[in-house]
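The next block holds one structure in the form of structure tokens; read it before the comments.
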Amino acid sequence: METVTDVRTEPVPVPAAVERKRGKPFATEAWNFLISLKLAIWTLIILALTSILGTVIEQNQPQDKYRQVYEDWAYNLMDRINLFDMYHSWWFLLLLCLFALNLTCCTIDRLPRAIRTVRKPKLILDDVTEKSLGLTERWKSKGAVPQWAEAYKAALARTFASPRVTETDGAVHLYAEKGVVSRFGAYATHAGIVIIFIGAILGNVFGFKSYLSIPDGTEASHLDVRGGKEHLDLPFAVRNNRFWVETYPSGQPSKYASDLSVIENGREVLRKTITVNDPLAYKGIWFYQSGYGEAGGATAQVSLKRPDGTSLGNLSLAPNEPVGIEGYGTVRGVKYDENYQGNGPALQVKIEKPGQPASDVWILQGRPEQDRLRNDTLVFSFGGLTSKMYTGLQVAKDPGVNVVWLGCLLLTAGMMISFFVSHCRIWIRLSEGLKGKVEITAGGTANRNRPAFEKTFAAVLTEIRKEPSDNAKENPA
Amino acid sequence: MNTLNVQLFDLTTFLFGTATGSYIAALYGKKEFLARIGTWICAAAAIVSTAAIGIRWIESYRMGIGRIPVTNLYESLVFFAWSINLFYLFVERKYGSRSFGAFVVPIAFFTMVFAFTIESGIQPLVPALQSYWLHAHVITCFAGYAAFAVSAGVAVMYLLKERRGGDKVTGGVLALFPDTKVLDDLVYRAIAWGFPLLTAGIITGAAWANFAWGTYWSWDPKETWSLIVWLVYAAFLHARITRGWHGRRAAVLSIAGFAATIFCYLGVNLVLSGLHSYGG
Ligand code: HEM
């Protein structure tokens, strides 16, 4: 049963190969199979069904994890058919290839004809065409053919589209069309899909993905790629000046940020603060904020004052690393207590002065003036621990990504054209009738959304038929 | 105590429930005026829910975390129901038949009932969700889903009517349905809206992933399910243009597509695990 709806008013033409002579049965059969829409439908459905598997079975997990869940025989079977990395398995890729092949062959089969129909449109409204049209209207007017042809030509151009004029014996034909691109929407969509595939392949072949952890204040330029199997040295280094987290008043994180510099030949060539959703790009390599953590031991912040209150700045004490103070001695942080004798966070420092025995002193974070009680030449106060952070960067190079975006653009544009642009055609034939009258036949058709076109057609004809210059009286048949 | 926007959404839920009741009663009692009441209630629900979305938006600014309300499960559900309702009202007007109501408005109603049962507060956005791509992604996806909901509702009508002999039925509820040809056409048209929207949704989602993580596609369950939905509707479109595959098979594909849509939307979060943060 053929239901021709008003949305898609023209059935898809039967593939050319079907009409071809069946010289080589097998080759023809194979070709017919490859270009068939039936294959397309089944491939789409099978791709959809098999894709489900990979969402039910967690992909790319460590072997042990699967062994815990599945019996041995099931594990072996699933491993054999690559179900643990199914989207990269040979059979899934084969399915994708079949899909791409189907699409390509179908295009090879149909596109040339679509181009031919568009480049060589039916310019003449003959009887056969007239009968095939859903919309026609006839009327007669007094006057001469050339005069009316001129008038209608101008009117069509004004109300619809500029027509092409063809003269045959005794008749003049006007042909005007709009929305020809509608014929190519589906092809653009399909081309978009193929281009996305190409982009994905380019990215997989020429790109890489990696991960870098860079502690605050240090730089990195060495990458592990392909799951650590290969190594790569970047032609520049990335320095993490600082990583930090900002929070909402509720304490939830609102922002992860890293202040990064690109160092090339010992010089900083670029500096940018990246956040999630706002990466850094340099020479085609992208750095994404993707993780963070504490990098090794925390440092204690200690401020120095003279007894009279003048500040002498801050010390950063790494665990057990002595720091010298000129004219005083050395000091090192030795112990940290979150709640020292019920007085909150505190730091124990060891003070060593030349020629004196070392002394251990506790300084409390909550009591900055307490250390005055020692009556030393310097007063220490503890500002708290800061831990050194590292930033985790996802590193990616994907030379195919712009190709993918191009494909996406074409895909979407093609779809919009396919669904929302209609190829509307209007013909007008003028021929010499009896008694000095001109016989006029107008016809129209559209490849989609017929109700809308019916309105357009009626409106155009009304406009056109108003056209007659005052000296020629109309006479509808 | 809920804030104003949530109270308005609760009112919307109630309105959808009443509208569903009137549409169904109208079909069974063959009382056109009941269906007309349904339409008025849906129009009221459209106004109330639009206001609620606006107020929620403003409230989020008052809380210092201003953003379009499309960023958590609750907000996406109400946006989905809002789109279904608008889409439905448009279709009802355009096709001049209120019989669709009994099949489409319940979907909006159940969506809101589900929303009613979950956390409805305005939460600040975690860093990964702070992206304009995300907003575009959610809006296009859910507008697309709404179109699929309409299509599936109509596909059910098509199948019911076709099973009883199609347009030859006289009398009974089915006689109130539009012709099978009109239904079949509407199943397609709704998808012709939904499919480009879903496509745009998948693409904006890929763009978001690319800016946030450096991969536009990673086969995580949510992504894969959106692809599955997309493939089913692509199959539908091609089924429609092939001899012997439209009508009933196309209607079945539309329903299958909507089932996959619902699973993609909720099932993935409730049943499977993945990167996506909705539903938590
Ligand atoms: C996911 C993959 C695909 C998508 C998204 C897609 C998309 C589309 C769209 C949007 C249309 C226009 C539909 C309409 O007018 O109702 C179309 C038409 C068509 N597609 Fe596809 N397509 C896909 C795969 C395929 C494949 C594998 C084939 C292989 C045979 C194919 C063959 C066709 C044909 C023959 C048409 C009709 C063209 C015409 O208007 O003359 N498509 N496709």
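Computed values, structure above
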read-out: Lone unmet requirement of (1) more than 14 Å from chain B (Cβ to nearest Cβ); (2) touching a residue at least 24 places away in the same chain (Cβ under 8 Å); (3) within 21 Å of A:Val401 (Cα to Cα); (4) open to solvent by 90 Å² or more (accessible area, probe 1.4 Å) for A:Glu219; value: (3)
read-out: Subset of region B:94-140 [surrounded by fewer than 19 Cβ atoms within 10 Å (Cβ to Cβ) and of a type in the set (Val, Ile, Thr)]; value: B:Val113, B:Thr117, B:Ile118, B:Val126
read-out: Conditions (1) modelled with pLDDT under 55; (2) open to solvent by 60 Å² or more (accessible area, probe 1.4 Å); (3) more than 12 Å from the ligand (Cβ to nearest atom): number failed by A:Thr3; value: (2)
read-out: Inter-residue pairs, beta-carbon under 9 Å, first within 13 Å of another protein chain (Cβ to nearest Cβ) and in region A:47-76, second polar (S, T, N, Q) and surrounded by 11 or more Cβ atoms within 10 Å (Cβ to Cβ), 6+ apart; value: A:Ser51/B:Thr224; A:Ile52/B:Thr224; A:Gly54/B:Thr224; A:Thr55/B:Thr224; A:Glu58/B:Ser273
read-out: Condition check for A:Glu137: more than 14 Å from every other protein chain (Cβ to nearest Cβ), at negative phi, away from the ligand (no atom under 16 Å from the Cβ) and without any contact (Cβ under 8 Å) to a residue 24 or more places away in the chain; value: no
read-out: Selection from region A:156-182 of residues that are within 16 Å of the ligand (Cβ to nearest atom) and open to solvent by less than 60 Å² (accessible area, probe 1.4 Å); value: A:Gly179, A:Val180, A:Ser182
read-out: Residue, farthest from the other protein chains (Cβ to nearest Cβ), within region B:225-248, restricted to residues that are β-branched (Val, Ile, Thr) and not in a loop (DSSP other than H, G, I, E, B); value: B:Val229
read-out: Selected residue (criterion: modelled with the lowest pLDDT) from residues of region B:25-40 that are touching a helix residue (DSSP H, G or I) at 6+ places or on another chain (Cβ under 6 Å) and open to solvent by less than 30 Å² (accessible area, probe 1.4 Å); value: B:Leu27
read-out: Check on B:Val150, within 15 Å of the ligand (Cβ to nearest atom) and either open to solvent by less than 10 Å² (accessible area, probe 1.4 Å) or not assigned by TED's automatic domain parsing to the domain that holds B:Leu73 (or both); value: no
read-out: Qualifying residue in region B:179-189 (condition: more than 7 Å from chain A (Cβ to nearest Cβ), free of Cβ contacts under 8 Å to residues at least 40 places away in the same chain and open to solvent by 20 Å² or more (accessible area, probe 1.4 Å)); value: yes
read-out: Among the residues listed as B:Glu119, B:Glu75, the single one being more than 16 Å from B:Gly201 (Cβ to Cβ), of a type in the set (Asp, Glu) and either assigned to a helix (DSSP H, G or I) or away from every other protein chain (no Cβ under 14 Å) (or both); value: B:Glu119
read-out: Single condition A:Asn449 does not satisfy, out of (1) touching an Asp or Glu at 6+ places or on another chain (Cβ under 7 Å); (2) surrounded by fewer than 19 Cβ atoms within 10 Å (Cβ to Cβ); (3) polar (S, T, N, Q); value: (2)
read-out: Residues located in region A:53-75, provided they are open to solvent by less than 90 Å² (accessible area, probe 1.4 Å) and polar (S, T, N, Q); value: A:Thr55, A:Gln59, A:Gln61
read-out: Scan of region B:47-92 for residues that are polar (S, T, N, Q) and touching a Cys at 6+ places or on another chain (Cβ under 8 Å), ordered by number; value: B:Asn85
read-out: Which listed residue is more than 16 Å from the ligand (Cβ to nearest atom) and either small (Gly, Ala, Ser) or crowded, with 17+ Cβ neighbours inside 10 Å (or both), from A:Val395, A:Val404; value: A:Val395
read-out: Scope region B:160-178; condition more than 18 Å from B:Gly101 (Cβ to Cβ) and touching a residue at least 24 places away in the same chain (Cβ under 8 Å); matching residues; value: B:Glu162
read-out: Members of region B:8-24 found to be more than 16 Å from B:Glu92 (Cα to Cα), of a type in the set (A, V, I, L, M, F, W, C) and surrounded by 18 or more Cβ atoms within 10 Å (Cβ to Cβ), listed by number; value: B:Leu8, B:Phe9, B:Leu15
read-out: Subset of region B:240-260 [touching a Leu at 6+ places or on another chain (Cβ under 6 Å), modelled with pLDDT under 90 and surrounded by 23 or more Cβ atoms within 10 Å (Cβ to Cβ)]; value: none
read-out: Meets criteria (small (Gly, Ala, Ser), open to solvent by less than 10 Å² (accessible area, probe 1.4 Å) and within 11 Å of the ligand (Cβ to nearest atom)) for B:Ala235; value: yes
read-out: Given (1) at negative phi; (2) surrounded by fewer than 19 Cβ atoms within 10 Å (Cβ to Cβ), number of the condition B:Gly172 does not satisfy; value: (1)
read-out: Residue among A:Ile198, A:Ile214 that is of a type in the set (A, V, I, L, M) and touching a Lys or Arg at 6+ places or on another chain (Cβ under 8 Å); value: A:Ile214
read-out: Single residue of B:Arg249, B:Arg240 found to be more than 18 Å from B:Ser83 (Cβ to Cβ) and within 12 Å of the ligand (Cβ to nearest atom); value: B:Arg240
read-out: Test: residue in region A:316-334 that is part of a strand (DSSP E or B) and acidic (Asp, Glu); value: no
read-out: Hits in region B:199-209 - residues which are of a type in the set (S, T, N, Q) and at the interface with another protein chain (Cβ under 7 Å from one of its Cβ atoms); value: B:Thr199
read-out: Total residues in region B:162-204, condition within 16 Å of the ligand (Cβ to nearest atom) and under 30 Å from A:Ile196 (Cβ atoms); value: 17
read-out: Count of residues meeting criterion [over 26 Å from the mean Cα position of the chain (by Cα) and either closer than 28 Å to A:Thr50 by Cβ or touching a residue at least 40 places away in the same chain (Cβ under 8 Å) (or both)] in region A:107-124; value: 12
read-out: Single residue of B:Trp208, B:Trp217 found to be touching a residue at least 24 places away in the same chain (Cβ under 8 Å) and either in the same structural domain as B:Tyr132 (by TED's automatic domain parsing) or open to solvent by 20 Å² or more (accessible area, probe 1.4 Å) (or both); value: B:Trp208
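The values are calculated or read from the model by the stated rules, or taken from the named source; none is laboratory data. Just so you know, these numbers come straight off a predicted model, no measurement behind them. Methodologically, a virtual Cβ is constructed for each residue, glycine included, from the backbone with ideal geometry; neighbour enumeration extends over all protein chains shown. Side chains are part of the model used for accessible areas, which takes the heavy atoms of the whole protein and leaves out ligands, DNA and RNA. Shrake-Rupley method; radii C 1.70, N 1.55, O 1.52, S 1.80 Å.
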